[in-house]
Amino acid sequence: MSLDKTEVQKIAWLARLSIDEQDISTYSDELSNILGLVESMNSVDTNGISPIAHPLDLTARLRSDAITEINQREQFQKNAPLTDAGCYLVPKVIE
Amino acid sequence: MEWETVIGLEIHAQLATKSKIFSGAPTAYGAEPNTQACAVDLGLPGVLPVLNEQVVLMAIKFGLAIDAEIPERSIFARKNYFYPDLPKGYQISQFELPIVSRGNLEIQLEDGTTKTVGVTRAHLEEDAGKSMHEGFGDQTGIDLNRAGTPLLEIVSEPDMRNAKEAVAYMKKIHSIVRYLEICDGNMQEGSFRCDANVSMRPKGQEEFGTRTELKNINSFRFVEQAINIEIERQIDILEDGGKITQETRLFDPDKNETRSMRSKEEANDYRYFPDPDLLPVQIEAELIEKIRSELPELPNAKKQRFIDQFKLSDYDSGVLTAQKEIADYFETCVSTAEGEAKLSANWIAGELSASLNKESKDITESPVSAEMLGGMIKRIKDDTISGKIAKQVFEAMWNGEGDADSIIESKGLKQVTDTGAIEILVDDVITNSPDQVAQYQAAPEEKQGKLIGYFVGQIMKQSQGKANPKQVNELLKEKLKS
């Protein structure tokens, strides 16, 4: 299976990656190789084998419902390019 | 052509935990922006989510309440999309192996019949933050306090056929999550919200039509309105030979219309995959049984018990058990009123709920407590006051003038049950109304019942409503005979 140019562009858009036009064919080859690997795995008979959700054969340890965090807004917002009235600011997004 | 509507609902219930689903930050509503958003909620590098035990227990409770299966294993997935109020670039949700699988719910329709609605699944996920587009110039302000708040998304089967059924279903879920005390159900604060999928098909056709999704409807009334408007819109398009576009639409209650949000076909490519940060959740059968044994009495069971125990009608019992707090109020009221169930039910569904509605108050905010109302009903029952005087007493209690006994005492509202005193009043009226007496005595028996009302009215006026109406009636009949 191989990916064409528009598919590569769509995947890049979904991940919000900016890619150079000249690199598309390289990406296309590399991604197609990965899909090829998946395809060869697909040929293995996996009937009766339950899918793994996680590579470690462990189950989750849960935490109790307690408040353990304090307000560190000031410190966190030092990293933000823009803040106002306690809010993080971003370019206007309107639906 | 005759059309059939097909509706499915996705309800988001915010789980009433103290801390977030994957972090120890608080979930309290209304805090200063970003004061409850910790490093995990902000998606800062190097943090790891750790699942809150309480949300798992709450989800299981819900599953058991709708007779659903709770799978032994449950996993979390990343739902990938970009929006500024989602700092990680993905929402942790569940895709395969949700915590609650197929369940069922019985809803009561207006004509009194019941209908079973299937629940496809219910899964856990984290809420996003809030975007504010006003007040920041050409910027959008982001408050991430809500990011990471636990949600249970309850997905129904497309089993509903009109807006009223959808509302009945939504109310039932609302009632159940409140009974279970897993969600406060506050729709203004967004703790309970709903998306509706609506499609039309020619009656008799098996295959579903193309659906639209109505987003974020935050009241029962709006659900009904939004769905009905959307049904009309779709029928108009279909009858004109047009096609429905699969899209997300927003309901605008001010304009009473639904309108298209940006077409989401591409944005809907969420590329779910299991979240490598979170291990599968293992749910032991013993835990499920323990939770099952601790489930509270649920609306349907309570309703049946009220019918059996208090001899209430199906309707009254349904009204009283729709909200757990009302049911609790009723039971306290009845026990204070020495078992007077029917009067208690009438007062709660009548005077009390009218007064609450007028001031937009919830029963938990009622100035008249269940004990106070029960105390007043006890005085109706033992003939201290009549039902009519009770309205005065109720009003005084509502206005904070004290409990029933002190109001009856201070206002001198005690009913006159002394036969001698009533007899004087009766004799007076008879002497002063010779014409009416003649008319009464000349009338055939079936008309006398109506004519006697005049005398009763006069006596009640004389006694300022305090004469016992039953005694007045009996004495009058007796005296007017001759």
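The residues of chain A present an accessible area of 79 Å² per residue when probed at 1.4 Å with all protein chains retained. For segment B:445-468, the residues whose amide N sits under 14 Å from a probe point set 7 Å from the Cα of B:LYS388 along the beta carbon direction are B:452-468. Between rounded, prolate and oblate, where does segment B:16-81 land on the alpha carbon gyration tensor, with a ≥ b ≥ c its root eigenvalues, rounded for a/c under 1.5, else prolate if a/b exceeds b/c? It is oblate, given that a/c is not under 1.5 and a/b is not larger than b/c.
The angle separating the long axis of helix B:370-381 from the principal Cα axis of greatest extent in chain B is about 30 degrees. Each residue of segment B:161-177 is assigned a 3J(HN,Hα), and the resulting list reads 10, 7, 4, 5, 5, 4, 5, 4, 5, 4, 5, 5, 4, 4, 4, 5, 5 Hz, derived from the Karplus form 6.51 cos²θ - 1.76 cosθ + 1.60 (θ = phi - 60°), x at Gly and Pro. In this structure, B:GLN441 and B:LEU295 have a Cβ-Cβ separation that, at R0 = 60 Å, corresponds to a calculated FRET efficiency of about 0.35. Largest first, the three principal axis extents of the alpha carbons in segment B:338-482 are 55, 29, 27 Å in whole numbers. Prolate is the label for segment B:270-345, because the ratio a/c of its alpha-carbon gyration tensor axes (a ≥ b ≥ c) is 1.5 or higher and a/b is greater than b/c. Percent of Cα pairs in segment B:111-166 per distance bin of 10 Å, from zero to the largest separation: 19, 26, 23, 22, 9, 1. Couplings 3J(HN,Hα) of segment B:278-283, computed from phi: 10, 7, x, 9, 9, 10 Hz, in residue order, whole Hz [Karplus 6.51 cos²θ - 1.76 cosθ + 1.60, θ = phi - 60°; x for Gly and Pro]. The label-point distance for B:TRP3 and B:GLU189, in a model that sets each label 7 Å from Cα toward Cβ, rounds to 3.9 nm.
Working value for segment B:199-301: equivalent-ellipsoid semi-axes of 37, 22, 17 Å, each the square root of 5 times a Cα gyration tensor eigenvalue, largest first. Here the protein assembly as shown exposes an accessible surface that is 49 percent carbon and sulfur, computed with a 1.4 Å probe and the other protein chains kept in place. Dividing the Cα radius of gyration of the protein assembly as shown by 2.2 N^0.38 Å, with N the residue count, gives 1.31. Legend: translational diffusion of segment B:231-378 by Stokes-Einstein, Rh = Kirkwood radius over C-alpha pairs, 37 °C, 0.692 mPa s; D = 159 µm²/s. Stokes-Einstein diffusion for chain A at 37 °C, viscosity 0.692 mPa s, with a Kirkwood radius from C-alpha pairs, works out to 170 µm²/s.
Residues B:PHE82, B:PHE220 ordered from highest to lowest accessible area at a 1.4 Å probe: B:PHE82, B:PHE220.
Here's how it looks for B:VAL416: its modeled amide H is under 5 Å from those of B:ALA467, B:ASN468, which are all 5 or more places away or on a different chain.
Accessible surface computed residue by residue for segment B:35-113, with neighbouring protein chains in place and a 1.4 Å probe, gives 41 Å² per residue.
Here the translational diffusion coefficient of segment B:125-212 follows from Stokes-Einstein with Rh set to the Kirkwood radius across Cα pairs; for 25 °C and 0.890 mPa s it amounts to 153 µm²/s. Working note: Cα gyration tensor of chain B, eigenvalues times five, square-rooted, sorted largest first, giving semi-axes of 57, 27, 22 Å. Relative to the longest principal axis of the Cα atoms of chain A, helix A:5-14 runs at roughly 30 degrees.
Considering all C-alpha pairs of segment B:38-138, those separated by over 18 Å amount to 61%. Taking amide H as placed 1.01 Å from N in the peptide plane, the amide H of B:ASN218 sits under 5 Å from none that are at least 5 places away or on another chain. Chain B against chain A buries an accessible area of about 3900 Å², both chains summed, 1.4 Å probe radius. Rounded to the nearest whole Hz, the Karplus-based 3J(HN,Hα) values (6.51 cos²θ - 1.76 cosθ + 1.60, θ = phi - 60°) of segment A:19-34 follow the sequence 10, 7, 3, 5, 8, 4, 5, 5, 4, 4, 5, 5, 5, 5, 4, 5, with x at glycine and proline. Residues whose amide H falls under 5 Å from that of B:ARG73, counting only those 5 or more places apart or on a different chain, are B:ILE283, with hydrogens built in the peptide plane.
The values are calculated or read from the model by the stated rules, or taken from the named source; none is laboratory data. Not measured: the values here are computed from a predicted model. Cβ coordinates were reconstructed from backbone atoms using ideal geometry, including for glycine residues, and neighbour counts include every protein chain displayed. Only protein heavy atoms, including side chains, enter the accessible area calculation; ligands, DNA and RNA are left aside. Shrake-Rupley method; radii C 1.70, N 1.55, O 1.52, S 1.80 Å.
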